[in-house]
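Reviewing the structure listed below.
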Amino acid sequence: MKIKKCPFCGGKDFSKYGKFVADKKKRDVHVHCHGCGACGPVEGTEQDAVEAWNKRADGWVHVDDALPEEGKAYLCQIEIQGDLGLERWMEVAYFVEDEKEFHRHDFKDNVGIIAWRPLPEAY
């Protein structure tokens, strides 16, 4: 099973760490990102650890995995390297399918957008 990019840093360098616990019949395994140190949930098998790592919370979709439908607003995670280091924030943007771009404020590009999700229901 393929391991998805790290949801925190976008890294692709991983290890699957495992250790036997207590009675040495059960193994605790998790995926570890070498880019930022993020760790996935501890599971009993490598396959379960990879499946848990690959799940994305709350409907987030990485832009490398899929692009959204046209003409709708989406909440986007944006990440750029700034003068003071890695900067991260979220913005609402509209996706224009013909251009394969998100439109946000004064920007018409995908620069820095790493993931998107549908907007939550209105209060």
Notebook entry, point to check: Under the condition of being out of contact with any strand residue (DSSP E or B) (no Cβ under 6 Å at 6 or more places or on another chain) and outside any loop (DSSP other than H, G, I, E, B), which residue from region 63-95 is farthest from Cys6 (Cα to Cα)?
Noted result: Gly82
Note to self: Criterion first (surrounded by fewer than 13 Cβ atoms within 10 Å (Cβ to Cβ), touching a Pro at 6+ places or on another chain (Cβ under 9 Å), at pLDDT below 85 and over 16 Å from Gly10 (Cβ atoms)) does Glu97 satisfy it?
What the structure shows: yes
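The values are calculated or read from the model by the stated rules, or taken from the named source; none is laboratory data. Everything numeric in this text was worked out from a predicted model, so none of it was measured. Every residue, glycine as well, gets a Cβ built from its backbone with ideal geometry; the counts of neighbours run over all protein chains shown.
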